[in-house]
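Beneath this line is the structure, given in structure tokens, with notes to follow.
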Amino acid sequence: MRDIIRMVVVLTLICAASGFALAVVHDFTKEPIEYSRLKYVKEPAVKAVLKGYDNDPIKDRISIVIGKDRYGRPVKLIIFPAKKAGKIFAVAFETSGKGYHGDIGVMVGIDVKHNKLTGIAIVSHSETPGLGARIVEKSFTGSFKGKSLAKELTTSDINALSGATFSTKGVLAAVNKARAIFKRYHAQIVR
């Protein structure tokens, strides 16, 4: 009986020490891991939609609260500002729209002075190869560049993909969602 109690105590101490060590390692690595994820996953899309900046949009990112999730926790949006001489002239952030096979993640770049798109880049999708997956092609994404955000965009405003209606509409929904977010949170985004 004593051996069992000693074994339980030893295992409890080992588990507690391991849990503490994992918590400490997590705290030390949380920020570098987040930065790496942004640098290697989001930065290529940010660079595709923002040009001519003299800062690091990844390091200068802004986080704003845009609502609450179903559990009451704040939903944050990460804004990547493009600055020239310390002034924000464009921003990029990711939104999503529903495609044929799931959500389509779209990085949207916005010229804050002229209220126009600087471009879009597809960050993630699970669309059908050969059809909906054509949303990543330059002929499609390039048709968004320079479009005004004064009104919602429709399929007649861009080079819509034939045979990929759901994918096209998913990207349009993401861009229009970005338009609405930018309009609603303009003061927080452009500080």
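Within the option set Arg2, Arg37, Arg73, being more than 22 Å from the chain's Cα centre (by Cα) and surrounded by fewer than 16 Cβ atoms within 10 Å (Cβ to Cβ) holds for one residue only, Arg2.
Mind listing whichever residues of the range 40-57 are more than 18 Å from Val106 (Cβ to Cβ) and either among the aliphatic types (A, V, I, L, M) or under 17 Å from the mean Cα position of the chain (by Cα) (or both)? Tyr40, Asp56, listed by residue number. Of the set (1) in a loop (DSSP other than H, G, I, E, B); (2) within 25 Å of Pro57 (Cα to Cα), all apply to Ile122 but (1). Scoring Gly86 on the criteria (1) more than 17 Å from Pro57 (Cα to Cα); (2) more than 18 Å from the chain's Cα centre (by Cα) leaves a single failure, condition (1). Of the residues making up the range 86-98, those that are modelled with pLDDT of 90 or more and of a type outside the set (Lys, Arg) are Ile88, Phe89, Ala90, Val91, Ala92, Phe93, Glu94, Thr95, Ser96, Gly97.
Looking across Glu43, Glu31, one residue alone is surrounded by fewer than 10 Cβ atoms within 10 Å (Cβ to Cβ), of a type outside the set (Gly, Ala, Ser), without any contact (Cβ under 8 Å) to a residue 60 or more places away in the chain and assigned to a helix (DSSP H, G or I). It is Glu31. Would you point out the residue of the range 86-109, among those that are in contact with a helix residue (DSSP H, G or I) (Cβ under 9 Å, 6 or more places away or on another chain), in a strand (DSSP E or B) and free of Cβ contacts under 8 Å to residues at least 60 places away in the same chain, that is nearest to Asn55 (Cα to Cα)? For the range 86-109, the residue satisfying everything is Ala90.
Among the residues of the range 116-132, those identified as surrounded by fewer than 21 Cβ atoms within 10 Å (Cβ to Cβ), out of contact with any Lys or Arg (no Cβ under 8 Å at 6 or more places or on another chain) and either of a type in the set (Ser, Thr, Tyr) or touching a residue at least 24 places away in the same chain (Cβ under 8 Å) (or both) are Ser124, Ser126, Thr128, Leu131.
If only one of Lys113, Lys51, Lys83 is outside any strand (DSSP E or B) and either without any contact (Cβ under 8 Å) to a residue 40 or more places away in the chain or exposed (fewer than 11 other Cβ atoms within 10 Å of the Cβ) (or both), which one is it?
Numbers: Lys51 fails: either without any contact (Cβ under 8 Å) to a residue 40 or more places away in the chain or exposed (fewer than 11 other Cβ atoms within 10 Å of the Cβ) (or both); Lys83 fails: outside any strand (DSSP E or B).
Answer to the check: Lys113.
Collect the residues in the range 154-174 that are in a loop (DSSP other than H, G, I, E, B) and either loosely packed, with under 15 Cβ neighbours inside 10 Å or under 20 Å from the mean Cα position of the chain (by Cα) (or both), keeping them in residue-number order.
Across the range 154-174, the qualifying residues are Thr154, Asn159, Ser162, Gly163.
The values are calculated or read from the model by the stated rules, or taken from the named source; none is laboratory data. Remember, it's a predicted structure, so these values are computed and weren't measured experimentally. Virtual Cβ from ideal backbone geometry, glycine too; neighbours counted across all protein chains shown.
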